[in-house]
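Colleague: Input: one structure, supplied below.
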Amino acid sequence: MPDAIAEGGELTDATLLHAAAAGDRAAFEQVVGRHAAHVFRFARTLTRGGDAEDLLQQTFLSAWQAAGQFRGDGSARAWLFTIARHAAGRARERRD
């Protein structure tokens, strides 16, 4: 896989998510470490500060379960934001 290592010698998000799909928790923890702060800020925006922690947790749980579906066409962060947006919408539907 030619894009497995990014500049600086770090594994790419796509490579880490592929490994996570195969059950590699350490690889997924790296993805979480890279993106959790950004996803949390986005979750605060989506929830207007309300249940941002719950949304963050749901986003990464869903990402872990769907890691094999990441195609790598866009950034992993954008993919995580999409997961968060969908999870927020489902939470709103349950409340309404």
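Colleague: Select from the range 71-85 the residues that are without any contact (Cβ under 8 Å) to a residue 12 or more places away in the chain and part of a helix (DSSP H, G or I) and write down the one among them that is surrounded by the fewest Cβ atoms within 10 Å (Cβ to Cβ).
Modeller: A78
Colleague: Among the residues of the range 24-38, is there at least one that is free of Cβ contacts under 8 Å to residues at least 60 places away in the same chain, touching a Lys or Arg at 6+ places or on another chain (Cβ under 6 Å) and crowded, with 19+ Cβ neighbours inside 10 Å?
Modeller: Yes, that holds for at least one residue.
Colleague: Now a separate question. Kindly establish whether G68 is out of contact with any Asp or Glu (no Cβ under 9 Å at 6 or more places or on another chain), surrounded by fewer than 12 Cβ atoms within 10 Å (Cβ to Cβ) and in contact (Cβ under 8 Å) with a residue 12 or more places away in the chain.
Modeller: yes
Colleague: Kindly establish whether H18 is in a helix (DSSP H, G or I) and open to solvent by 60 Å² or more (accessible area, probe 1.4 Å).
Modeller: It is true that H18 is in a helix (DSSP H, G or I) and open to solvent by 60 Å² or more (accessible area, probe 1.4 Å).
Colleague: Of everything in the range 21-65 that's within 22 Å of R92 (Cβ to Cβ) and not in a helix (DSSP H, G or I), which residue is nearest to the chain's Cα centre (by Cα)?
Modeller: Per the criteria, the residue is D51.
The values are calculated or read from the model by the stated rules, or taken from the named source; none is laboratory data. Everything numeric here is computed off the predicted structure, so don't read it as measured data. Quick reminder, even Gly has a Cβ in these numbers, built from the backbone with ideal geometry, and neighbours come from all protein chains shown. Please note that ligands, DNA and RNA were not included when accessible areas were found on the heavy atoms of the full protein model with its side chains. Shrake-Rupley method; radii C 1.70, N 1.55, O 1.52, S 1.80 Å.
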